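Everything below concerns the one structure shown next.
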Amino acid sequence: MRHVVVISTGGTIASRWQGDGYAAEAAGQEVLAAGAVPEGVDVSVVDLFTVNSSRLTTAHQLRLLHAVHEALADPGVDGVVVTHGTDTLEESAFFLDLFHHDRRPVVLTGAQKPLDAEDGDAAGNLYDALLTAASGRDIGAVIVFGGQVYAARGTVKKHTVDAHAFGDPDGLPLGRLEFGRVSWGRRRPRPVPLPMPAVDAVGPRVDILTHHSDADAVLLNAALAAGARGLVVAGTGAGNANPEVAAAVREAVADGVLVLVSTRVAAGAVAPLYTGGGAVDLVAAGARLAGSLRPAQARIAVLAALLATPEGEDAGQTLDAILRAAPQALRASELYLVDGVGH
């Protein structure tokens, strides 16, 4: 018998109609009771909090991180499933993955339709997540949704309402679920985990600024004035802005703020190709490039680096280590999936 801990945090998978819209309200046992549990799997439930995930804060994510580690402190636990809202699931998954040090998996799942929907996807996704948590090994934190297993890093919500809501624009799933079993692709080496933040840690402010035509440094400077210790510039194209933004970035970096450049484009990596305020100038101003991390996960990278770095040490080095880590997602040349890997 495999033992899986389900940590319930709310989201659409726990939502019911409130008269004018849906909101998370169901407890974890109610979510679990909506579908079947795989044969040979025993489940215990932890109700951590119940919120729509658009309301999530760093404080929530820190509570979740420590709850996962507390569950895995029990050697009798074979894996953890986190039921989570889809709006910010990609952020929490990457956050958990950066600190994950255990062979046993953490599997995040949710639903695109509410708990009481007749044609809902909650039961199927939860069944698949339980199966993955019970059998997977050395995969870190993953997202299970729509019959696929995705590495946390690089996976984003790609559709607002479709049942196949998640995907990696620059990679392929780690595995697939069909006929009551998981088929795995080739396993990637896991990166070195970050040191755990303290239980009473307070998350620093990290903001995302999206570049667009007519953009200036007003919002960037407002974020700094509000106390931001990290910034993500979601640039155009391969990570571009303009001279005014580049000048503001230079001042921010000189004041000790971590600045990471991502892109508002759906796929592809940022690259120092253009001057005139482009990524060439942003790098010269002291910003780092996020590779293929989309803005929300780029923000998590900065946040985690700040949380994991002891006071007085250089959080930039921690961020560099996060950015250097190789993605776990399969490349297009490895489209086939082979059974037996990951167990």
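The values are calculated or read from the model by the stated rules, or taken from the named source; none is laboratory data. The structure presented is a predicted model; accordingly, all values stated were derived computationally and were not measured. Using ideal geometry, Cβ is built from the backbone for each residue, glycine included, and neighbour counts are taken over all protein chains shown. Keep in mind that these areas ignore ligands, DNA and RNA; they rest on the heavy atoms of the full protein, side chains included. Shrake-Rupley method; radii C 1.70, N 1.55, O 1.52, S 1.80 Å.
Some points to look at:
- Projected label distance in nm at Thr210 and Glu39, using a 7 Å step from Cα toward the beta-carbon: 4.8 nm
- Here Glu313 sits with roughly 120 square angstrom of accessible surface, probe radius 1.4 Å.
- Qualifying GluC sites (Glu not before Pro) in the stretch 86-144, where qualification requires a DSSP coil assignment and no more than 13 other C-beta atoms within 10 Å, comprise Glu118.
- For the stretch 2-12, backbone phi angles converted through the Karplus equation (6.51, -1.76, 1.60; θ = phi - 60°) give residue-by-residue couplings of 8, 10, 10, 9, 9, 9, 9, 10, x, x, 4 Hz, Gly and Pro being listed as x.
- For the stretch 123-277, dividing the convex hull volume of the Cα atoms by the residue count gives 173 Å³ per residue.
- Take every Cα pair under 8 Å whose residues are at least 6 apart in sequence, average their separation, divide by the length of the stretch 22-94, and the relative contact order is 33 percent.
- Of Ala151, Ala122, Ala226, the residue with the greatest mean-square motion in the GNM of the chain, using alpha carbon springs below 10 Å, is Ala226.
- Here, the stretch 195-343 is characterised by an Rg to Rh ratio of 1.03, where Rg is the alpha-carbon radius of gyration and Rh the Kirkwood radius.
- Only helices reaching 15 angstrom along their own axis (Cα) with mean Kyte-Doolittle hydropathy no lower than 0.5 count here, and for the DSSP H runs of the chain these are 122-135, 243-254, 295-308.
- Its Cα gyration tensor gives the stretch 240-318 an equivalent ellipsoid. The semi-axes, each the square root of 5 times an eigenvalue, are 21, 16, 9 Å from largest down.
- For the stretch 1-140, the dipole from Cβ point charges (+1 on Lys and Arg, -1 on Asp and Glu) about the Cα centre works out to 300 debye, to the nearest 20.
- The listed residues Tyr127, Tyr22, Tyr150, once ranked by accessible area (1.4 Å probe) with the largest placed first, stand as Tyr22, Tyr127, Tyr150.
- For the chain, a Gaussian network of Cα nodes joined below 10 Å ranks Asp102, Asp162, Asp87 by mean-square fluctuation, and the top entry is Asp162.
- The residues Met196, Met1, sorted by heavy-atom accessible surface at 1.4 Å with ligands and nucleic acids left out, run Met1, Met196 from largest to smallest.
- Cβ-placed point charges (K, R +1; D, E -1), dipole of the chain about Cα centre in debye, nearest 20: 780 debye
- Under a 5 Å amide H cut-off, with hydrogens placed 1.01 Å from N, Thr263 pairs with Gly235 among residues at least 5 apart or on other chains.
- The amide H of Val45, built 1.01 Å from its N in the peptide plane, has Val6 as neighbours under 5 Å, considering only residues 5 or more places off or on other chains.
- Antiparallel bridges, percent of DSSP beta bridges restricted to the stretch 1-135 (to nearest 5): 15 percent
- Contact order, relative form, for the chain: 16 percent (alpha carbon pairs under 8 Å, 6 or more residues apart, mean separation divided by residue count).
- Amide H contacts of Gln112 (H built 1.01 Å from N, under 5 Å, at least 5 apart or other chain): Asp121
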